[in-house]
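Only one structure is covered here, and it is reproduced in the block below.
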Amino acid sequence: MILDGKKIALARKIKLKKEIEVLIQKNQRQPSLKVLMVGNDPASETYVAHKLKVANELNIKAELIRFDFDVKHAELYSKIDELNVDENVDGILLQLPLPKSFNEEDYLQAISPSKDVDGFHYINQGRLLQGYETIYPCTPLGIINLLEDYNIKLTGQNVTVIGTSNIVGKPLALMLLNKKATVTMCNKNTIDIKKHTKSADILISATGKKFIITEDMVNSNCTVIDVGIIRDLTTNKLVGDVDFENVAKKVKNITPVPGGVGPMTVITLMENTLKLYKNK
Ligand code: GUN
């Protein structure tokens, strides 16, 4: 089965739109999301445009605040401080990557944990580590929601996660642990990666390396989640970490690229914005 992230995200969007309509009526205020972007990384431009479009369709008031790549560090801090105390702002998103002269950690940690729509603040990640309710990062939560909306069981399952980033791999592994899955995390230095992918009931690849997952690495009962979004320079098409054409023939379930994890990330950002709005 193809796990259709686009379809699931659309169903969640319809539900979310209704909920937001009711809350706007009741509170006389729209949920508000501020997106900060420094410089003009081409992939970020595409992602941010998409986030703003979906927010707008949901009656979430989203504003893009742009900074030149050489903005003074103090200016970016002072904007974050201003938004942290603005009662009309629910969520603050600092689009990554930042230009090289910025230490991303410093700015992500400057965002108030109560407005941290990406769930990247130490406090929110610490709560996740200890299994407390928090704001969860959008891509990992989107993946868990996709699996659960398809009734794919997590409890007791062997889940292998390839990639250990702070944005996807690490928080996702913790969320799966909290769901009582048995989680294996692989990184660049993993010896015999195939051993870990072959034994997986669910394989999640988040490396950004084209076709790193091939047909010989998976078992026929596996559910494969592809987090990679890579522009193939020869065909100019988007591809993933997984050699979809060959792997899809073999496995039980698989997400496509595009139309798998990507739409789930965006709708989860909107769901997180609403969660922060309701927390107020
Ligand atoms: N850049 C790539 N992925 C993400 C994400 O999940 N959040 C932010 N803020 N920037 C990103």
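Here, each number is a calculation from the coordinates, and none is a lab measurement. Every value quoted in this text rests on a predicted model; they were computed, and no experiment measured them. Here Cβ is always computed from backbone atoms with ideal geometry, including for glycine, and neighbour counts include all displayed protein chains.
Mind checking which helices (runs of 4 or more DSSP H) fall wholly inside the stretch 125-224 and carry at least 1 residues that are within 15 Å of the ligand (Cβ to nearest atom) and surrounded by 19 or more Cβ atoms within 10 Å (Cβ to Cβ)?
Qualifying helices (runs of 4 or more DSSP H): 138-149, 169-178.
Which residue, of Pro99, Pro113, is within 26 Å of Leu176 (Cβ to Cβ) and more than 13 Å from the ligand (Cβ to nearest atom)?
Matching residue, one of Pro99, Pro113: Pro113.
Considering each residue of the stretch 24-82, count those that are of a type outside the set (A, V, I, L, M, F, W, C) and within 30 Å of Ile14 (Cα to Cα), and give that number.
Residues that pass the stated criteria total 23.
Are any residues in the stretch 38-80 closer than 19 Å to Tyr277 by Cβ and among the polar types (S, T, N, Q), and if so, which ones?
Asn56, Asn59
If we scan the stretch 251-260, do we find a residue that is more than 22 Å from Asp149 (Cα to Cα) and not in a loop (DSSP other than H, G, I, E, B)?
Looking through the stretch 251-260, none of the residues is more than 22 Å from Asp149 (Cα to Cα) and not in a loop (DSSP other than H, G, I, E, B).
Looking only at the stretch 244-275, how many residues end up being more than 23 Å from Gly119 (Cα to Cα) and not acidic (Asp, Glu)?
Of the residues in the stretch 244-275, 15 are more than 23 Å from Gly119 (Cα to Cα) and not acidic (Asp, Glu).
Just give me the residues in the stretch 89-108 being within 18 Å of the chain's Cα centre (by Cα), over 19 Å from Lys278 (Cα atoms) and touching a residue at least 12 places away in the same chain (Cβ under 8 Å), in sequence order.
Residues satisfying the conditions are Leu94, Gln95, Leu96, Pro97, Leu98, Leu108.
I'd like the full set of residues that are in contact (Cβ under 8 Å) with a residue 12 or more places away in the chain and within 16 Å of the ligand (Cβ to nearest atom), limited to the stretch 44-59.
Ser44, Tyr47, Val48, His50, Lys51, Leu52, Val54, Ala55
Would you please list the contacts, defined by Cβ atoms under 6 Å and residues six or more apart or on different chains, that run from a residue in the stretch 218-237 that is touching a residue at least 12 places away in the same chain (Cβ under 8 Å) to a residue that is among the acidic types (Asp, Glu)?
Sorted first by the residue in the stretch 218-237, then by its partner, the pairs are Asp226/Asp241; Gly228/Asp241.
Does the stretch 14-24 contain at least one residue that is touching a helix residue (DSSP H, G or I) at 6+ places or on another chain (Cβ under 9 Å), within 16 Å of the ligand (Cβ to nearest atom), in a helix (DSSP H, G or I) and more than 21 Å from Glu87 (Cα to Cα)?
No, every residue in the stretch 14-24 fails to be touching a helix residue (DSSP H, G or I) at 6+ places or on another chain (Cβ under 9 Å), within 16 Å of the ligand (Cβ to nearest atom), in a helix (DSSP H, G or I) and more than 21 Å from Glu87 (Cα to Cα).
Conditions tested, residue by residue: (1) of a type in the set (A, V, I, L, M, F, W, C); (2) surrounded by 12 or more Cβ atoms within 10 Å (Cβ to Cβ).
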residue: Leu10; (1), (2): yes, yes
residue: Glu21; (1), (2): no, yes
residue: Gln25; (1), (2): no, no
residue: Gln28; (1), (2): no, no
residue: Lys34; (1), (2): no, yes
residue: Glu45; (1), (2): no, yes
residue: Val48; (1), (2): yes, yes
residue: Leu52; (1), (2): yes, yes
residue: Leu58; (1), (2): yes, yes
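Considering only the stretch 130-167, how many residues are more than 15 Å from Lys180 (Cβ to Cβ) and within 17 Å of the chain's Cα centre (by Cα)?
Of the residues in that region, 20 qualify.
What's the total number of residues in the stretch 60-96 that are within 13 Å of the ligand (Cβ to nearest atom), part of a loop (DSSP other than H, G, I, E, B) and not polar (S, T, N, Q)?
Counting residues in the stretch 60-96 that are within 13 Å of the ligand (Cβ to nearest atom), part of a loop (DSSP other than H, G, I, E, B) and not polar (S, T, N, Q) gives 1.
Output the qualifying pairs, or none if there are none: Cβ atoms under 7 angstrom, residues six or more apart or on different chains, first residue in the stretch 117-140 and more than 27 Å from Gly260 (Cβ to Cβ), second residue within 12 Å of the ligand (Cβ to nearest atom).
Listed pairs, sorted by first residue: His121/Leu108; His121/Ile111.
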